[in-house]
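Following: one structure in structure tokens, then a few remarks.
The values are calculated or read from the model by the stated rules, or taken from the named source; none is laboratory data. On a predicted model such as this, the values are computed, not experimentally measured, just so you know. A quick note on method: Cβ atoms are made from the backbone with ideal geometry, for glycine too, and the neighbour counts reach across all protein chains shown.
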Amino acid sequence: MTPAGAFTKKSTENRRANKKPEEIALSQPEKRLEIPFKITVTRAWSVYLGRGLAGRIGDFVDLKAYSSLVLVTDETTDRLYGEPVAAILAQSGKKVLRFSLPVGEIAKSPESLAEGYTFLMENGVDRSALLVILGGGVPGDAGGYLAASYLRGIDYIQVPTTLLAQVDSAIGGKVGVNFGGKKNMVGSFYQPKTIIADVDFLKSLPPQEMRNGLAEILKYGLAMDKDLFERLEHKKDADFKAAELIPIIERCAALKAKVVMADETERTGARAILNFGHTIGHALEAASNLEGQHGAAVSFGMVVASRISARLGMLSASATPRIEAVLKKFGLPVHAPQVTPGELLANLKFDKKTSGGEPRWVLLAEIGRGVVNCKVPQALVSQVLAEVCR
């Protein structure tokens, strides 16, 4: 485990463990949980959560109803799981195509998106096809936007393979790509037909990917669910077995379902609660080379937001040490010595919650209760950043 509270370098730790995909994704199915989404009377879908679900994709979506099936992954996921999952899809009797994105944020570039369009066009993919997106947050974002924009929208499902994707990014229909050096500048709200979260995939994750997911889980706990935060606070170590993860993933998915159903396209402001820690987190990602460390950026962002909350008298001063202790326990950073406050402030203007040129923050009234649309004096932001950028 990386030392507590440290950023990691892009290294071999970001590679998946050397496990056979058949042992990970295609085990015998156990009892599954279903978390239903119902946005309107015309749209309803579910998150299916359990073990061994990847081997039974056809149980959750009618594959035979589509003209063809396109498996969209990144190169690493395709190497690990592409062949066995494609074979499962082929059992439907439909033509199966495989498109592999590059690994990392480059997959969300306009150039990679154009390659996806070209692949679909050259293979005669029509509006009756289904995209099956297999992977973590980046393939989910890029593949989802590919589905949303190709032929004005074709159906897709998400099969998330990382903890971060299973608890957060695969749920809710936010899809998009990067542009002009900024994250998610082009995108849409486009919901999948279903989401199949098989926790057996998590056995292959390197520690850094687990930390990415744990940061998002802690986000839910801090902003929405005190009991969830305290469950993690009282955990003695940073290791999780599948039996421990399933109820945690289920709780996070249910929390996000509730928010998305209330504010699917971010019109009322309710969905902004999901951005706790992301205001400064996204600025940090833009200002430094943190590819593959979204959880580290969010962790740092939660520290900044928590300290600001305490300085404004919203959050008890005793809460911030508790929060930072839990982050450190799970190997997540509370400082960012590689950037300056000025670099972070320069990137805040690109935050999508900005209104009238001023960032709108998600802060804490207490652990488990976030407050959206908060204005914060820039002098206070600069003061807190000076404390933690060291």
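The table below gives the values:
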quantity	calculated
Number of the exception - GLU324 against (1) assigned to a helix (DSSP H, G or I); (2) in contact with a Leu (Cβ under 8 Å, 6 or more places away or on another chain); (3) under 17 Å from GLY221 (Cα atoms)	(2)
Some residue of the stretch 48-56 being under 18 Å from ALA148 (Cα atoms) and either at pLDDT 95 or above or not β-branched (Val, Ile, Thr) (or both)	no
Test: residue in the stretch 334-342 that is buried (at least 24 other Cβ atoms within 10 Å of the Cβ), touching a Ser or Thr at 6+ places or on another chain (Cβ under 9 Å), modelled with pLDDT of 95 or more and not basic (Lys, Arg)	no
Count - residues of the stretch 244-265 that are part of a helix (DSSP H, G or I), of a type in the set (Asp, Glu) and in contact (Cβ under 8 Å) with a residue 60 or more places away in the chain	1
From the options LEU151, LEU163, residue that is out of contact with any Ser or Thr (no Cβ under 8 Å at 6 or more places or on another chain), at positive phi and hydrophobic (A, V, I, L, M, F, W, C)	LEU151
Given (1) hydroxyl-bearing (Ser, Thr, Tyr); (2) buried (at least 17 other Cβ atoms within 10 Å of the Cβ); (3) over 19 Å from the mean Cα position of the chain (by Cα), number of the condition SER316 does not satisfy	(2)
Long-range neighbours under 6 Å by Cβ, at least six apart or interchain, first residue assigned by TED's automatic domain parsing to the domain that holds GLY301 within the stretch 367-382, second assigned to a loop (DSSP other than H, G, I, E, B)	GLY368/ASP225; GLY370/PHE276; VAL372/GLY269; ASN373/GLY269; ASN373/ARG360
Those residues of the stretch 113-141 which are assigned to a helix (DSSP H, G or I) and either in contact (Cβ under 8 Å) with a residue 60 or more places away in the chain or touching a Cys at 6+ places or on another chain (Cβ under 7 Å) (or both), in sequence order	LEU113, GLY137, VAL138, PRO139
Breaking point among (1) assigned to a loop (DSSP other than H, G, I, E, B); (2) of a type outside the set (Gly, Ala, Ser); (3) in contact with a Cys (Cβ under 6 Å, 6 or more places away or on another chain), for VAL167	(1)
Those residues of the stretch 105-164 which are out of contact with any Pro (no Cβ under 8 Å at 6 or more places or on another chain), β-branched (Val, Ile, Thr) and within 21 Å of LYS193 (Cβ to Cβ), in sequence order	VAL125, VAL132, VAL138, ILE154, VAL159, THR161, THR162
Yes/no for ALA336 being among the aliphatic types (A, V, I, L, M) and more than 25 Å from the chain's Cα centre (by Cα)	no
In the stretch 53-83, residue surrounded by the fewest Cβ atoms within 10 Å (Cβ to Cβ) [restricted to those that are touching a Lys or Arg at 6+ places or on another chain (Cβ under 7 Å), hydroxyl-bearing (Ser, Thr, Tyr) and closer than 17 Å to GLY93 by Cα]	SER68
Extreme residue, surrounded by the most Cβ atoms within 10 Å (Cβ to Cβ), among residues of the stretch 138-171 that are among the small types (Gly, Ala, Ser) and in contact with an Asp or Glu (Cβ under 8 Å, 6 or more places away or on another chain)	ALA147
Those residues of the stretch 268-310 which are of a type in the set (Ser, Thr, Tyr) and crowded, with 22+ Cβ neighbours inside 10 Å, in sequence order	THR279, SER299, SER306, SER309
